[in-house]
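Chemist: Mind having a look at this structure? Questions to follow.
The values are calculated or read from the model by the stated rules, or taken from the named source; none is laboratory data. Computed from a predicted structure; not experimentally measured. Positions of Cβ are generated from backbone atoms using ideal geometry, with glycine treated the same way; all protein chains shown enter the neighbour counts. SASA here: full protein model, heavy atoms, side chains in, ligands and nucleic acids out. Shrake-Rupley method; radii C 1.70, N 1.55, O 1.52, S 1.80 Å.
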Amino acid sequence: LVYFVAERFNKSISQLRDYTLNIKNDKPLPTNPNFPDDELGEIGKDLITIFGQKEKAKADIEKEQEKLIQHLQHSPMGICMFSPQNEKIFANARFMQYANLIVDKPTFDVETIFANEAFAPVNDLLKNKYERGKHLIYQKESNGKVFNIQTIIFEDYSFEITITDIT
């Protein structure tokens, strides 16, 4: 009897270990694992349910992220997001177009805008991001157009610059 109980317990633990190792190593999961009808089997079934919910939530987030990226790509506003180290994370085509008009020099490297005098207020905000406000709006006239430039610094010190043509 002890051997039977120990063997059943061992089977439950082995199945749980195999299932969690598959999750950890991104291996395909069994479609219908057969956990024993005991406490460990219930834990295994709960684990499957929780993992399924997590995967569904992840897929939902990816769909929403794709919608947001498409929205940003087609926005009439130039939008660029940067890491705390001033490295570009995302920039739409409109941002590049407006930035090139403002700096009056064609560039494909968005980080070069920080060297231009037109973005000096942004640089000042970023240098003092620990002391001052985390939001800046100013206007810049260039090439016969007037642009509204807005910068927002987020909690993790990444930031966003938006440029709108308000001519």
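Chemist: Anything in region 16-60 that is among the basic types (Lys, Arg) and within 28 Å of residue 5 (Cβ to Cβ)? List them, or say none.
Modeler: Selection gives 17, 45.
Chemist: Just wondering, is there one or more residues in region 34-53 that are open to solvent by 60 Å² or more (accessible area, probe 1.4 Å), within 30 Å of residue 159 (Cβ to Cβ) and among the aliphatic types (A, V, I, L, M)?
Modeler: No: zero hits.
Chemist: Pull out all pairs, ordered by first then second residue, where Cβ-Cβ is under 8 Å, the residues are six or more apart or on different chains, the first lies in region 51-74 and is among the hydrophobic types (A, V, I, L, M, F, W, C), and the second is surrounded by 11 or more Cβ atoms within 10 Å (Cβ to Cβ).
Modeler: 51/23; 51/29; 69/90; 72/79; 72/90; 72/92
Chemist: To continue, here is another question. Quick one: residue 8 ticks every box in (1) within 17 Å of residue 151 (Cα to Cα); (2) in contact with a Pro (Cβ under 8 Å, 6 or more places away or on another chain) except a single one, so which number is it?
Modeler: Evaluating residue 8 over (1) within 17 Å of residue 151 (Cα to Cα); (2) in contact with a Pro (Cβ under 8 Å, 6 or more places away or on another chain) leaves (1) as the failure.
Chemist: Being small (Gly, Ala, Ser) and touching a helix residue (DSSP H, G or I) at 6+ places or on another chain (Cβ under 8 Å) is the filter here, so list the residues in region 134-162 that pass it.
Modeler: Listed by number, the list holds a single entry, 142.
Chemist: Can you give me the number of residues within region 20-77 that are in a helix (DSSP H, G or I), of a type in the set (Gly, Ala, Ser) and at pLDDT 85 or above?
Modeler: Going through region 20-77 one residue at a time, the tally reaches 2.
Chemist: Out of all the residues in region 112-142, which are assigned to a strand (DSSP E or B) and either at pLDDT below 85 or surrounded by fewer than 17 Cβ atoms within 10 Å (Cβ to Cβ) (or both)?
Modeler: 135, 137, 138, 139, 141, 142
Chemist: Run down 79, 89 and say which single residue is in contact with a strand residue (DSSP E or B) (Cβ under 7 Å, 6 or more places away or on another chain), loosely packed, with under 12 Cβ neighbours inside 10 Å and within 18 Å of residue 162 (Cβ to Cβ).
Modeler: 89
Chemist: Do you know which residues across region 54-109 are of a type in the set (Val, Ile, Thr) and more than 18 Å from residue 148 (Cβ to Cβ)?
Modeler: Scanning region 54-109 gives 61, 69, 89, 107.
Chemist: State which residue is most open to solvent (accessible area, probe 1.4 Å) when the search covers only region 1-29 and only residues that are farther than 18 Å from residue 45 by Cβ and among the basic types (Lys, Arg).
Modeler: 24
Chemist: Out of the residues in region 63-72 meeting the condition of being open to solvent by 100 Å² or more (accessible area, probe 1.4 Å) and not polar (S, T, N, Q), tell me which one is nearest to residue 16 (Cα to Cα).
Modeler: Here the residue is 63.
Chemist: I need every pair where a residue in region 76-91 that is under 8 Å from residue 158 (Cα atoms) has its Cβ under 6 Å from the Cβ of a residue that is open to solvent by 20 Å² or more (accessible area, probe 1.4 Å) and aromatic (Phe, Trp, Tyr), sequence separation at least 6 or different chains.
Modeler: Listed by first residue and then by second, the contacts come to 81/90; 84/157.
Chemist: Out of the residues in region 92-104 meeting the condition of being without any contact (Cβ under 8 Å) to a residue 60 or more places away in the chain and of a type outside the set (D, E, K, R), tell me which one is most open to solvent (accessible area, probe 1.4 Å).
Modeler: 97
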